[in-house]
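Structure record follows, encoded as structure tokens.
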Amino acid sequence: MAAGLPTEGTNAQHPRAGDLARKDVPTCGLTEKLGDVKSRAKAQGWDAAVVVNEERVVFGLLRSKELDGDPEQLIEKAMRPGPSTYRPYVSLHEMLHAMVDHKLVNAPITTSDGRLVGLLLQTDVAAAMEKEK
Amino acid sequence: MTEGTAVKEKCKGCGREIEVCSCCEEPHCPAAICFGCLSQELKQTYRQPHAHGG
């Protein structure tokens with residue numbers, strides 16, 4: 001489960017953080033310029049991006065606040081380094097609780113070895129929880 | 001001798017002093033929580049039974 005692989009059994013029908021995480025979140029490297037990443041993310045309809053290395057290990061996160069910084073700045077200076085990440089098996093109920101309590105609009109979901117699974121949006125979690133009722 | 005400037009917060013779970021909330025990493029988080037308590041709250045880890053019970 002921590003590797004984000006499919007699960008089976010009666011409990012597998014309940015979606016979890018890894019199922020809802022958006023896999024199409026824009027990613028970038030440490031040496032790119034903030035302006036380039038921002039325009040790429042905006043073009044894809046995102047106001048966030050995840051900083052990864054070539055093995056997709058998460059190094060940092062760019063939420064809208066960070067993306068609004070100096071466009072000439074390098075990502076390694078602009079990013080929120082070492083963000084809190086969550087495992088794919090965390091239940092939606094617990095994720096929503098944490099995201100609402102801490103006013104997180106999104107949260108990176110990674111495997112236990114730090115590889116990006118996707119970005120979980122609070123709006124997606126809230127909608128899924130509503131649907132489950 | 002210099003004094004640390006980090007603002008200390010208290011974990012809502014165990015009451016331990018922490019520098020920043022492990023969940024949102026924002027200063028002055030009203031629901032500040034340490035990494036251990038957050039992991040347990042999300043069931044990413046479980047408290048282990050006492051290692052040398054009777």
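The values are calculated or read from the model by the stated rules, or taken from the named source; none is laboratory data. Values in this document were obtained by computation on a predicted structure and should not be read as measured data. Don't worry about glycine lacking a Cβ; one is built from the backbone with ideal geometry, like all the others, and counts go over all protein chains shown.
For A:Leu92, state whether it is in contact with an Asp or Glu (Cβ under 8 Å, 6 or more places away or on another chain) and either at negative phi or basic (Lys, Arg) (or both).
yes
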Which residue pairs have Cβ atoms under 7 Å apart, sit 6 or more places apart or on different chains, and have a first residue in segment B:11-36 that is within 12 Å of another protein chain (Cβ to nearest Cβ) and buried (at least 19 other Cβ atoms within 10 Å of the Cβ) and a second that is basic (Lys, Arg) and part of a loop (DSSP other than H, G, I, E, B)? B:Cys24/A:Lys103; B:Ala32/B:Lys12; B:Ile33/B:Lys12; B:Cys34/B:Arg16
Is segment A:41-50 home to any residue that is surrounded by 14 or more Cβ atoms within 10 Å (Cβ to Cβ) and of a type in the set (Asp, Glu)? yes
Scope segment A:77-90; condition more than 9 Å from every other protein chain (Cβ to nearest Cβ) and buried (at least 21 other Cβ atoms within 10 Å of the Cβ); matching residues: A:Ala78, A:Met79, A:Pro88
Regarding segment B:36-51, can at least one residue be identified that is under 21 Å from A:Leu96 (Cα atoms), modelled with pLDDT of 90 or more and touching a helix residue (DSSP H, G or I) at 6+ places or on another chain (Cβ under 7 Å)? no
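Every residue, every condition in (1) away from every other protein chain (no Cβ under 14 Å); (2) modelled with pLDDT under 95; (3) closer than 23 Å to B:Cys21 by Cβ, yes or no:
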site: A:Thr27; (1), (2), (3): yes, no, no
site: A:Val51; (1), (2), (3): yes, no, yes
site: A:Phe59; (1), (2), (3): yes, no, yes
site: A:Ile75; (1), (2), (3): yes, no, no
site: A:Leu92; (1), (2), (3): no, yes, yes
site: A:Asp101; (1), (2), (3): no, yes, yes
Output the residues belonging to segment A:103-133 that are within 12 Å of A:Leu20 (Cβ to Cβ) and either at the interface with another protein chain (Cβ under 10 Å from one of its Cβ atoms) or among the polar types (S, T, N, Q) (or both). A:Asn106, A:Ala107, A:Gln122, A:Thr123
Just to be sure I understand, how many residues within segment A:106-128 are loosely packed, with under 15 Cβ neighbours inside 10 Å and either touching a strand residue (DSSP E or B) at 6+ places or on another chain (Cβ under 7 Å) or part of a helix (DSSP H, G or I) (or both)? 3
Is it the case that some residue within segment A:2-22 is of a type in the set (Ser, Thr, Tyr) and within 24 Å of A:Leu92 (Cα to Cα)? yes
